[in-house]
Amino acid sequence: MRIEWPTLGLIALCYCVWTGALFAPVWAALPLLTLAIALQSSLQHEVLHGHPFGDRRLGEPLVFASLNLAIPYLRFRDTHLAHHMDANLTDPYDDPESNYLDPAHWARLGAPARRLLSWNNTLLGRIMVGPLIGQIAFMAADARLIRAGDRAVLWAWLAHGAASAAVLWLVVLSPLSVWVYLSACYLGLGTLKIRTFLEHQAHERARGRTVIIEDRGPLAFLFLNNNLHVVHHMHPKLPWYRLPQIYFNNRERYLRRNDGYCYASYGQIFRRHLLRAKDPVPYPLYPQK
């Protein structure tokens, strides 16, 4: 298709739900906004990979204003495309989306910071404090780039500020409290942390670093099938609605590809890792201090 109508229709539906939620009672607005904010981030991910049009520049205006108010689309795009250098996956310096730390850095941290980061490596901790920890680290890294003279990063944040002001203006015009909206933003970001929690693991071979979660339920839809993550990394130009068929028709191939790094469902992940860390914080592929 020259236009991927399922993606275009989902973008329209996302904004309809978001707009309707602004005028709903709080008990309905909060969950609806949380879902719409998380879904828009998934749609931003689709757009930066060239959907729903062949030319990414046509799709970007549709998702440029981040409903979560936290992550500039342009920075999400650039850092995520850098993350797709599979040889660098999970490296704390070369992978912008890594949650690991250099063991030398870890060794310098005090006990409170270590406890907080260890809690962040459980699923519950990642949902609760992960958005805050991730935002602080993300903004600190971008601040260093801006101080070093990176004008593209500065422009991304200025444009994001203008877009976020427009989003907040619409919220202010609605009956909804701004504080309820900000709470939904945090909850939406926390929901997205379920997806990213164990998408990648430290593994000697790059091909074994990317997960498959064979879930077909509501979270898989909310994350636009990125739970089939190794398929996405191998075929980033495939639209979200084709990933399940491609995977399940070639299941054994993909499980050989990622050395069997697979979970049956998000339910299994919650049972195993809600309160128990899957990974250490210090990067295990570096010499340990």
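No value in this document is a laboratory result; all are computed from the given coordinates. What you see is a predicted model; the values in this text were computed from it and never measured. Methodologically, a virtual Cβ is constructed for each residue, glycine included, from the backbone with ideal geometry; neighbour enumeration extends over all protein chains shown.
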Next item on the list: Could you work out the relative contact order of the chain, using alpha carbon pairs under 8 angstrom and six or more residues apart, expressed as a whole percent?
Entry: 26
Notebook entry, point to check: For the stretch 14-138, what is one quarter of the convex hull surface built on the Cα atoms, given in nm²?
Noted result: 9.5
Checklist line | Isotropically averaged projected area of the chain, using the convex hull of Cα atoms (one quarter of hull area), nm² | finding: 15.6
Checklist line | Largest-first principal axis extents, alpha carbons of the stretch 64-158, Å | finding: 37, 28, 27
Margin query: Stokes-Einstein diffusion coefficient for the stretch 134-289 at 10 °C in a medium of 1.306 mPa s, Rh from the Kirkwood formula over Cα pairs: what value in µm²/s?
Written below: 85
Notebook entry, point to check: Where does the chain land at 222 nm, in deg cm²/dmol rounded to the nearest 500, when only DSSP H runs of n ≥ 4 count, each adding -39500 (n - 2.57), divided by all residues?
Noted result: -19000 deg cm²/dmol
Note to self: 5 Å is the cut-off here: which amide hydrogens, built 1.01 Å from N in the peptide plane, fall below it relative to Leu101, excluding neighbours closer than 5 in sequence?
What the structure shows: Tyr283
Next item on the list: Within 10 Å, count the other beta carbons around each residue, average over each peptide in 238-251, 62-75, 43-56, and list them highest first.
Entry: 62-75, 43-56, 238-251
